[in-house]
Every structure is written in C-alpha cells, then in structure tokens.
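The values are calculated or read from the model by the stated rules, or taken from the named source; none is laboratory data. Computed from a predicted structure; not experimentally measured. Positions of Cβ are generated from backbone atoms using ideal geometry, with glycine treated the same way; all protein chains shown enter the neighbour counts. All accessible areas refer to the heavy atoms of the entire protein, side chains included, with ligands and DNA or RNA removed. Shrake-Rupley method; radii C 1.70, N 1.55, O 1.52, S 1.80 Å.
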Amino acid sequence: MTGRLVVAIARRLLREETYRLTMEPAIADLQHEAHTASGVRLVRSYAGVVRALILASGRDIGSDLREALDLESARGVWAPAAAWAAGLSLIVLIGASIDADARYRQELLATLLASVAVSFAPFLMAPAAFALSRRGTGRRRSLAAVVLVMTAVSWTAAFGMRPTRERLELTLEAARWHVAAEDGAGMAQRLIAGQSPAETARMLDGPVRARERAARGFWNDFRLGLDVPLMALIGVALARSRGWMVPVRFALMAGAWMLLTMTMLSLGIGRNLPPAHQGWRDLALVVIVAAVFLVRPSLGASNRRRHA
Amino acid sequence: MSVDRLPSISATESLILDLLDAGAKFGLELIEASSGHLKRGTIYVTLARMETKGFVESRQEERAPAAIGLPRRLYKPTSYGLKVRDAYRLLREALALRPAEAQ
C-alpha cells in the first residue's frame, strides 16, 4: 500500500484528531494519485505529504505546549514541581555549606548557586512531565514533544549560564588553592603579587588544563540536557504503572540514587574514574535505581485500586 | 455583556472557500483548481484548521467494500464560513475605497 511508512510514522507522532483531519486525507490523495502518476510527479506528491506531516507535527507541538503551560497546569503541576525542585536545591546547598571548609565556603556557595540556576529548569521539568502524563489519555506522544522542547530550553539556559559558572568555578578553584597553600599541603604555587586569585588559578592551570576544563563543562551541560528526557520518560513509565503518587516515588528514587552514590564513593568504588566517565556512572546508577523501582511494586504506594 | 472574539480568515482560507463555493472538492482537486496558489504540503493543514474553525465540513467518500487504501475526504463550505468570507470581503473593499474618498 502506498504511503504505509508515512501512515505508521504519522500515527505514532500525531494526535488522533490531527491524524484524522490532516494526514488521512493527504495520504488518501497520495494513494489515489499513485494509480496515475509516476516519476517526478509521484516524488513531488510524497514530498508534499511529508511536508504536511512536518507542519501537522509542529501544530501538535504548539498545542501540547499551550496545554502544558496553561492555567490549570500552572496551578496543578508547575507550582508543586517548583516547590519540589526548590526544596531539593535548598537541601543540596545546605548540605554542601555544612560540609565545606569555612575558608572557601562563600566561593563554593556561589558556584553551587550558579549550578542550581542552570539545573533548576530540568529538575523542575522532570516531575512536571510525570504529572502532565496523568492528564487525559493518549499523552505519550504529546509528552515526548514537551520533553524534547523543554530539553532544548534547558540546554539553552545551561549554555547561557556557562560564562558565569566558569568564572565562579575558577574563583572556587583559586580559593581552594589558597587554603591548600596555607595548610602547607605540598603545593609550591603562591599568589603572584598584583594578580587576582582567579587569574593566578588560570595561569597555573595552564592552557591545556584550561581547555580540558572548558570541554568538561560543555559536556556536563550537554549531559544535563540528556538527563532530562531520560528522567521524564522514566517518570512516565512510573506514572502509568504505579498510579498518581509520582512525585513521592520520584523523590524516593532520587533519594535512593543519592544514597547509593554516596555509599559507593565512601567505599572508594568508582571514585577514581576520569571526570569524563563520572557523568556516565551517575547516569548508569539512575537507570539501575529506576529499573528497581519499576520492577518492585512494594517500593512506594500503589494506587491501582483507585484506578479500578 | 461579554464580547466574542471576531473570527479571522486568511487569504488562503478565503481562496479555498471561493473554490469550494463552486462545488465540493477533494484536496487534490482544490490544488489543481487553484492554478498553483495552493500547495500540497500546506493545504491539508489549512483545511484541518478551517474545519476546526467551522468554515468547512468534510466527509469521507463512499467507496466499494473491496477498495484498497484510505478513503478520500470531500470538503464543502459551511454557511458560517461563507458568511465570514463575505464579511471580510466587504471590509477589504471598504478599506480600499477610503484613500480615494479622502482626496
């Protein structure tokens, strides 16, 4: 049958109504034309149908975003998600400030704040995406569209914040060297008179390490964007199989991941991994913990009775 | 008293209504009748939008049970759609007259 592939793709990508009103007549006309047309004309007909699919997808994404950002979503989804993300950020900041050496605590907090500002959007979006998946039926495609667009937004925010965060990371690095030098930790470097700590750190870092640091920062920001759809799609699977208490389960899952990571590091497992691999280690742990939560129904309350 | 939002109609939608006014048509027939003004990629999205706005209505064609492939969709204008088209036509004509009156 002509256009079978387009039908399969369109059915997966589009809402039912959009498929029925837009793609079905387009494909039906293509199939009608296929009996008489050939060569260039048939290729043009296919191209037109593909263009219709792209336009229809864009229309659906626009509708999805309007629904994801309307008043009902703002009250029922984004507000609780923002409270959850703000609480999590506060816990991380308090925990880090308690642990940090008081002599460079200010620089550490400034750097963490910049990182939180960058990561707030994706951490906000993940539980919001889970909760949005509960609205209505057949939302898998629209949720994927929202996740993809918000991933692009979070990447844009991450890359936009990079100059500020890099500057703060250099200041933090220099402050740590200050402390290490004062402690006599074996470092021969000293502040050069007349230079700021950040400039000294940059100079002592050398051009090679500065490039390595910049590349690591870029891939960290990139991976941040990748984490978002992974977390959101795991959350969709959780929401569909475990009922509506998704933020609680997500918090339990995040807590389990943090506990597992800290336990591994304190036992020295994976601590010596190169920086480029540490992100993948974290991602692997997320997948493992999520798989456990998906397989074990006793972890988190099940609300299947509510849906019966 | 609440004020309803005025319906809007684009030049493309107006052209489609003009073509459908002459008789119900399939999407392909609209493209052929438009002498190149309507494009294959955009017409179906436009027709879907017009159907949502209530300017056109459509039905699937009657087919033999043994027919292969998807049934085609036949479009015709609604009285509301024609009314909106006529109202905007009057508005455009009125605005076009104003500079000559001012002279």
When (1) modelled with pLDDT under 85; (2) open to solvent by less than 20 Å² (accessible area, probe 1.4 Å) are applied to A:Val49, the one that fails is (1)
Looking at (1) open to solvent by 10 Å² or more (accessible area, probe 1.4 Å); (2) touching a residue at least 12 places away in the same chain (Cβ under 8 Å); (3) more than 10 Å from chain A (Cβ to nearest Cβ), which is the only condition B:Ala87 fails?
(2)
Within segment B:60-89, the residues that are of a type in the set (S, T, N, Q) and modelled with pLDDT under 90 are B:Gln60
Got at least one residue in segment A:13-26 being at pLDDT below 85 and either within 8 Å of chain B (Cβ to nearest Cβ) or part of a helix (DSSP H, G or I) (or both)?
yes
Just to check your reading of the model, which residue among A:Ala10, A:Ala56 is hydrophobic (A, V, I, L, M, F, W, C), in a helix (DSSP H, G or I), facing chain B (nearest Cβ under 10 Å) and open to solvent by less than 10 Å² (accessible area, probe 1.4 Å)?
A:Ala56
All conditions in (1) in a helix (DSSP H, G or I); (2) within 11 Å of chain A (Cβ to nearest Cβ) are true of B:Pro71 except (1)
Which condition number in (1) polar (S, T, N, Q); (2) within 14 Å of another protein chain (Cβ to nearest Cβ); (3) open to solvent by less than 70 Å² (accessible area, probe 1.4 Å) is the one that B:Thr78 fails?
(2)
For A:Ala37: the one exception among (1) modelled with pLDDT of 75 or more; (2) open to solvent by less than 70 Å² (accessible area, probe 1.4 Å); (3) within 12 Å of chain B (Cβ to nearest Cβ)
(1)
Restrict the check to segment B:56-67 and report whether at least one residue is within 11 Å of chain A (Cβ to nearest Cβ), closer than 27 Å to A:Leu5 by Cα, surrounded by 20 or more Cβ atoms within 10 Å (Cβ to Cβ) and in contact (Cβ under 8 Å) with a residue 24 or more places away in the chain.
no
For the list (1) of a type in the set (A, V, I, L, M, F, W, C); (2) modelled with pLDDT of 85 or more; (3) in contact with an Asp or Glu (Cβ under 7 Å, 6 or more places away or on another chain), I need the number of the one condition that B:Leu15 fails.
(3)
Among the residues of segment A:99-127, write down those that are under 16 Å from A:Arg176 (Cα atoms), modelled with pLDDT under 70 and among the aliphatic types (A, V, I, L, M).
A:Ala100
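Residues checked against (1) surrounded by fewer than 17 Cβ atoms within 10 Å (Cβ to Cβ); (2) away from every other protein chain (no Cβ under 14 Å); (3) farther than 19 Å from A:Val49 by Cα:
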site	(1), (2), (3)
B:Ser8	yes, yes, yes
B:Glu13	no, yes, yes
B:Asp21	yes, yes, yes
B:Glu29	no, no, no
B:His37	yes, yes, no
B:Thr42	yes, no, no
B:Ala48	no, no, no
